[in-house]
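Below is one structure, written out as structure tokens, with a few remarks after it.
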């Protein structure tokens, strides 16, 4: 299996970076081919702008998604975007590895999503969810955070459950572009625990990575359950993405 890990943490010695390193070692030992995009090490530009296109179909008014589509056809995407898009299309599995910042990803990773999930390739028109441009691939969120697991255990927990917080990433981004989304791996309370507890989390992550082939994806809509206006059909059943 080809695996792309997109890693976004500003500290190379962080626990989140240790998760990335462990994933590389574990997956390679299992016979997988792994590439890593370490966004901070790459000094990745997170800002989507007109400079992402060497030629513009409309030089007077920027509609970013439309320019992405035309740039793919014309071969005029910025080189850094084109290189990451090539990695993404090569991969069978995408792992986004990051610290949870304000219930979301660091700006560096958000910028990778904005610039690399290119309209016309990853999605566009009615090419989304199980018909998305990345259908057949899988994706996984692996992240570290300061909160404890019980704080996100269910809707009565102090922060509620995980699902609404992760929905923009898991549903609105990954599932939308066609990925089969695997359950996330969260490393909780990391800044406040000792080395034995950290080692235990890493061992749990190693075990999860070794079982990837047997992990069932989360459930998201199938367009077969909607009409041409994307209204739900009367007799529908959601299926795994």
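The values are calculated or read from the model by the stated rules, or taken from the named source; none is laboratory data. Since the structure is predicted, the reported quantities are computational estimates derived from the model, not experimental observations. Cβ sites come from the backbone with ideal geometry, for glycine too, and all protein chains shown count toward neighbours.
From the residues in the range 206-221 that are assigned to a helix (DSSP H, G or I) and touching a helix residue (DSSP H, G or I) at 6+ places or on another chain (Cβ under 6 Å), which one is farthest from residue 18 (Cα to Cα)?
Applying the filter and picking the extreme gives 209.
Exactly one condition in (1) in a helix (DSSP H, G or I); (2) surrounded by 14 or more Cβ atoms within 10 Å (Cβ to Cβ); (3) in contact (Cβ under 8 Å) with a residue 40 or more places away in the chain is not met by residue 191; state its number.
(2)
Here is a list: 114, 154. Which entry is part of a helix (DSSP H, G or I) and closer than 29 Å to residue 20 by Cα?
Going through 114, 154 in turn, just one is part of a helix (DSSP H, G or I) and closer than 29 Å to residue 20 by Cα: 114.
Would you confirm, using the coordinates I've provided, whether residue 173 is surrounded by 19 or more Cβ atoms within 10 Å (Cβ to Cβ) and not in a helix (DSSP H, G or I)?
no
Among the residues of the range 146-158, are any farther than 27 Å from residue 206 by Cα and touching a helix residue (DSSP H, G or I) at 6+ places or on another chain (Cβ under 8 Å)?
yes
If you check residue 96 against the conditions, is it touching a strand residue (DSSP E or B) at 6+ places or on another chain (Cβ under 8 Å), surrounded by 20 or more Cβ atoms within 10 Å (Cβ to Cβ) and either closer than 23 Å to residue 12 by Cα or at pLDDT below 95 (or both)?
yes
Report the residue count in the range 147-158 for those that are without any contact (Cβ under 8 Å) to a residue 40 or more places away in the chain and surrounded by 14 or more Cβ atoms within 10 Å (Cβ to Cβ).
Matching residues across the range 147-158 total 4.
So which residues in the range 8-18 are surrounded by 20 or more Cβ atoms within 10 Å (Cβ to Cβ) and touching a helix residue (DSSP H, G or I) at 6+ places or on another chain (Cβ under 6 Å), if there are any at all?
If the condition is that a residue be surrounded by 20 or more Cβ atoms within 10 Å (Cβ to Cβ) and touching a helix residue (DSSP H, G or I) at 6+ places or on another chain (Cβ under 6 Å), then 8, 9 are the ones that fit.
Within the range 37-92, which residues are under 12 Å from residue 112 (Cβ atoms), loosely packed, with under 15 Cβ neighbours inside 10 Å and without any contact (Cβ under 8 Å) to a residue 40 or more places away in the chain?
83
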